[in-house]
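I have placed the structure first, in the form of structure tokens, so that the comments after it can refer back to it.
Read-outs throughout are calculated quantities, based only on the coordinates presented, and are distinct from any laboratory measurement. The structure displayed is predicted, hence computed values, not measured ones. FYI the Cβ positions are ideal-geometry reconstructions off the backbone, even for glycines, and counts take in every protein chain you see.
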């Protein structure tokens, strides 16, 4: 009997010595989530980074000229406002505006004619920029922009209602020369939902986001904080992910948000169509966005 | 609810290469996967291990399992250590963090699934029904790299590694039922009781091994001792079926098995095939098993698919690779496997210690013995009689055909040191031994052992009394003859025997008187020394004594048994004078006083009868005996009728 045990143990020792670790299987994460930091300096002010309370507008100074139409829903404090905007910035790239320290903040705009969206003439309003440099908050105006704005269909606003999943006609009547125009396709309306979950084992949270996915290519989510001081939204990250209807923002992204400065977070779901086109021999970036911004308190 | 048609994958997948539970086939002690009730037919100890290689991007070898098992009567316990029951997934998260024009950071996570050990217990209620359960321990190790956002004056990311784990205990119960000899039904639960610890990161809980409840039902049909078919079904929509065929190879078996399986979580419908070469013998089993999956097994996969489907089985899932496995089961038997059994024992004789030599030639008992095995076996019978024999005496070996019954004779040797005078009841212990180190069966029966002077009444057996005390007789006879040395030296050699017998007779009767046996159930015979010491005896005592004295000096004697009167039997002796018939006149001219008998060479020799109860003198004893012999043996045809019998002492 003893010799059999000895044989068995010898065999086992022999085989055990020859063991490898089982071959792993490598799985590819097709989600291809991208996280981009938008606001590097959290003391920065809006406008310079292209963000406002209603959600994200474009970082306008990156383009020669820009047309952006947006259907925006802003949900906070249990209430949702429906906002429609149509904006046009026509920049004079030869006239950059620099900060006292020489950084380019933007470009001055020009007004070469009349612009209409769905036959509604856009108003000219000041293109204001606010930025902070060397601890000093600076407000300035870089010219005029074309604008239509409506909130909740109110009569005293512009009678512009953003048509989701449709088209908006754009017409430019220059002071000199023939008119030109084109149609802007609009995306489907997006309605998101944000659930902030406090994790049981930690004093931390994660955000469970859901929306009706449409698998639109240009889909992103902006995560921002709402300042305690002025209730302004400050964007932290742009998350590019599939328009598939759900995303969990992990605790590692949220846990260090300074609660003493931001008591709420802002989540903007953005579904966008965009393209580059020509207008009067000028390169024009055209974007059409459906945005739902939800502001929730950090539990 | 226990019964659930769930979407989880196959769980009843083992590594043996044969998935039926049959007493004729490969033992399944190492697989809780399809042997949920921990059924076993091993007699004592068993050890099993599986070593193999997995064909991933490179071949990796591993010791998959080590099992130790033990049977305690109707209870069976097994312990299994499974160092090779592991599956690791590496997630290239693709999470890219472009920041300050740096290259995107690719994060990596590793999920390692391990089954570490398990234990099983079963209880055999009867030969057709066995119930049992198993408990298995799993561990999940999650290592996630992630980025943490740091909010200071600026926002930036740091890469962190988070380690998390959870444990899982699973318990399932099963039953084995054999409604017919050739049919075995194997029923069990899948994930009946589960107990798991919580992960720290709740997100990881989505990736733990799935434990959907289900039922398992297996059927095993063996139309012959060579051929075995099996089908194992799970209510989670998975199944495995196959067959095995084992040829006889001397006393071993060699063959093959082939199985195919459908796994609810794998493509195509028949997800794979498992051919196996099987060798099984009394002491060990071997299987060389190849697990071949029909779908392509890449070393990469889809994270999203994994996130949705997960895995239900560590060693068989859609990410498993083809495997080549060697499984060895050692069956070590420290217990006696009963191969023969007593049906009964018949005592042939009560024991008369004086008849010692008789029991070497004639069995004292005969046993009926059955061979319990399917092979011819040699049985060694042993006997020990309490108080009589000092050690177990082996009787001749008996061969018994398979499942046959045979008679086995037991012989005895009575210790020469036995001195019991009174009869007593003692116990005879009968044993049967085959190939084992211990006895296969034993049987005890009461036996009457008479006193040392008891005699069974058979005159033939008086010789044992004559032979027993020969040393004393030699000494006694030579002492007498020495006194008559001068007389003996002067007589003719031819009548030497006659004169020596005469001298001894006349000397030994000097102080003897005839006395009857003491009242006893058995006849009582004195040994020569007792007769001389007690100075008397009856016919058999005196005949024994005188015969012994003559035999001790080389004079051939015979007992004459007179049975003409049934109520009064008588014994005297005759001795060989070694005279030829032509020389008979040297002792007597009366031819009725002697008798001619042939020796072994066929030569005639002169024998004369002596009536040992006639204690006057030799001549008188000779005359009485010869008259009696002439009358009863010759004239009345006693020898012919068998009423008078001459019995050689040797």
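When ranked by the protection proxy of mean other Cβ atoms within 10 Å per residue, highest first, what sequence do the peptides A:76-83, B:171-178, A:137-144 form? Don't jump to the answer; show the numbers that get you there.
Values: A:76-83: 12.8, B:171-178: 20.0, A:137-144: 15.2.
Output ranking for A:76-83, B:171-178, A:137-144: B:171-178, A:137-144, A:76-83.
May I ask you to sort B:592, A:25, B:60, A:94 by Cβ crowding, counting other Cβ atoms within 10 Å and putting the fewest first? Let's see the in-between values first.
Details: B:592 14, A:25 24, B:60 19, A:94 7.
Ordered by Cβ neighbours within 10 Å, fewest first: A:94, B:592, B:60, A:25.
Please compute the volume of the convex hull spanned by the alpha-carbon atoms of the range A:184-299 and report it per residue in Å³.
Values: hull volume 13.4 nm³, N = 116.
Dividing the Cα hull volume of the range A:184-299 by its residue count gives 115 Å³.
So what is the orientation-averaged projected area of the range B:145-217, using the convex hull of its C-alpha atoms, in nm²? Don't skip to the end; give the middle numbers.
Working: hull surface 27.4 nm².
It is 6.8 nm².
Using the basic label-point model (7 angstrom from Cα toward the beta carbon), what is the residue B:203 to residue A:179 distance in nanometres?
Distance between the two pseudo-spin positions: 5.3 nm.
In deg cm²/dmol and to the nearest 500, what is the mean residue ellipticity at 222 nm of chain B if only DSSP H runs of at least 4 residues count, each as -39500 (n - 2.57), divided by the residue total?
Rounded to the nearest 500, it is -3500 deg cm²/dmol.
Ranked highest first by average number of other Cβ atoms within 10 Å, how do B:525-538, B:574-587 line up?
Values: B:525-538: 20.1, B:574-587: 17.8.
Peptide ranking by packing, descending: B:525-538, B:574-587.
Grab the beta carbon distance between residue B:533 and residue B:590, set R0 = 41 Å, and tell me the FRET efficiency rounded to 0.05. If you can, show how the numbers build up before the last one.
Numbers: r = 36 Å, r/R0 = 0.89.
The pair residue B:533/residue B:590 has a calculated efficiency of 0.65.
Taking Cα atoms, how many degrees apart are the long axis of helix B:496-508 and the longest axis of chain B, rounded to 10 and kept between 0 and 90?
90 degrees
Kindly state, to the nearest 0.05, the FRET efficiency for residue B:482 paired with residue A:6, given R0 = 56 Å and r defined as their beta-carbon distance.
Numbers: r = 71 Å, r/R0 = 1.27.
E(calc), rounded to 0.05, equals 0.20.
How would B:439, B:193 line up from fewest to most surrounding beta-carbon atoms within 10 angstrom?
Details: B:439 18, B:193 14.
Taking fewest neighbouring Cβ atoms as first place, the list is B:193, B:439.
Just to be sure I understand the model, the point goes 7 Å from the Cα along the line to the Cβ. What's the resulting residue B:368 to residue B:158 distance in nm?
9.1 nm
Could you tell me the convex hull volume per residue, in Å³, taken over the Cα atoms of the range B:573-650?
Working: hull volume 7.8 nm³, N = 78.
That works out to 100 Å³ per residue.
Ranked highest first by the average count of other Cβ atoms within 10 Å around their residues, in what order do B:546-558, A:121-133 fall?
Numbers: B:546-558: 22.7, A:121-133: 15.8.
Going by the mean number of other Cβ atoms within 10 Å, highest first, we get B:546-558, A:121-133.
Counting partner chain Cβ atoms within 10 Å of every residue's Cβ in B:107-119, what's the average? Can you show the working numbers first?
On the way: counts 2, 2, 2, 1, 3, 3, 0, 1, 0, 0, 0, 0, 0.
The per-residue average across the peptide is 1.
So what's Rg/Rh here for the range B:242-344, counting alpha carbon atoms and using the Kirkwood radius for Rh? Could the numbers behind the result be given before it?
On the way: Rg = 20.0 Å, Rh = 16.8 Å.
Rg divided by Rh gives 1.19.
Which whole-number percent is the relative contact order of the range A:146-284 (Cα, under 8 Å, 6+ apart)? If you can, show how the numbers build up before the last one.
On the way: 235 pairs, mean separation 28.9, N = 139.
Here the relative contact order equals 21 percent.
Arrange B:476, A:164, B:443, B:359 by Cβ neighbour counts within 10 Å, fewest through most, would you?
Final ranking by Cβ density, sparse to dense: A:164, B:443, B:476, B:359.
Quick one: compute a quarter of the convex hull surface over the Cα atoms of the range B:111-241 and quote it in nm². Can you show the working numbers first?
Details: hull surface 43.6 nm².
That works out to 10.9 nm², a quarter of the Cα hull's surface.
Calculate how steeply helix B:539-552 sits against the longest principal axis of the alpha-carbon atoms of chain B, using the helix alpha-carbon long axis, and give the answer as 0 to 90 degrees to the nearest 10.
For helix B:539-552, the angle is close to 90 degrees.
When the C-alpha atoms of the protein assembly as shown are aligned to their principal axes, what extent does each axis show, in angstrom, from largest down?
That gives 187, 51, 43 Å along the principal axes, largest extent first.
Partner chain Cβ atoms within 10 Å, averaged over the residues of A:248-256 - can you pull that number for me? Intermediate results must be reported in sequence, preceding the final value.
Numbers: counts 1, 1, 9, 6, 10, 5, 2, 3, 7.
Counting other chains' Cβ atoms within 10 Å and averaging over A:248-256 gives 5.
Once you place label points 7 Å from the Cα toward the Cβ at residue B:422 and residue A:156, how far apart are they in nm?
13.7 nm
For the range B:472-519 and the range B:145-212, compute the distance between their C-alpha centroids and round to whole Å.
Between the Cα centres of the range B:472-519 and the range B:145-212 lies a distance of 105 Å.
For the range B:30-82 and the range B:548-582, what is the separation of their C-alpha centers, rounded to whole Å?
So the two Cα centres are separated by 79 Å.
Work out the mean other chain Cβ neighbour count within 10 Å for the residues of B:148-158 and drop it here as an integer.
6
Per residue and in cubic angstrom, what volume does the convex hull of the Cα atoms of the range B:413-566 have?
Details: hull volume 28.2 nm³, N = 154.
In the range B:413-566, the Cα convex hull volume per residue is 183 Å³.
For the range B:285-440, what does the alpha-carbon gyration tensor say about shape, rounded, prolate or oblate, given a ≥ b ≥ c as the root eigenvalues, a/c under 1.5 as rounded, and a/b over b/c as prolate?
Working: a/c = 5.50, a/b = 4.27, b/c = 1.29.
Taking the square roots of the gyration eigenvalues as a ≥ b ≥ c, the range B:285-440 is prolate.
What Kirkwood radius, in Å to one decimal, follows from the Cα pairs of the range B:449-528?
Kirkwood hydrodynamic radius for the range B:449-528: 14.9 Å.
Mind pulling the angle between the C-alpha long axis of helix B:618-628 and the longest principal axis of chain B? Nearest 10 degrees, somewhere in 0 to 90.
Value to nearest ten degrees: 70.
Just to verify a number: FRET efficiency for residue A:208 and residue B:193, C-beta to C-beta distance, R0 = 45 Å, to 0.05?
0.90
In the P(r) worked out for chain B, what percent of Cα pairs fall beyond 49 Å? Provide the component values of the computation, followed by the final result.
Numbers: 101918 of 210925 pairs.
Counting every Cα pair in chain B, those more than 49 Å apart make up 48 percent.
In units of 2.2 N^0.38 Å, what is the alpha-carbon radius of gyration of the range B:195-302? Write down the numbers at each step before the final one.
Details: Rg = 18.7 Å, N = 108, 2.2 N^0.38 = 13.0 Å.
That ratio works out to 1.43.
When each pair of different Cα atoms in the range A:156-241 is counted once in the 1/r mean, what is the Kirkwood radius in angstroms, to one decimal? If you can, show how the numbers build up before the last one.
On the way: mean 1/r = 0.0575 Å⁻¹.
Here the Kirkwood hydrodynamic radius works out to 17.4 Å.
Using Cα centres only, tell me the gap between the range B:229-251 and the range A:110-185 in whole Å.
The range B:229-251 and the range A:110-185 have Cα centres separated by 77 Å.
Please compute the length gained on full extension between residue B:269 and residue B:121, using 0.36 nm multiplied by the number of residues separating them and subtracting their Cα-Cα distance. Provide the component values of the computation, followed by the final result.
On the way: separation 148, 0.36 × 148 = 53.28 nm, distance 3.44 nm.
Value of the extension gain: 49.8 nm.
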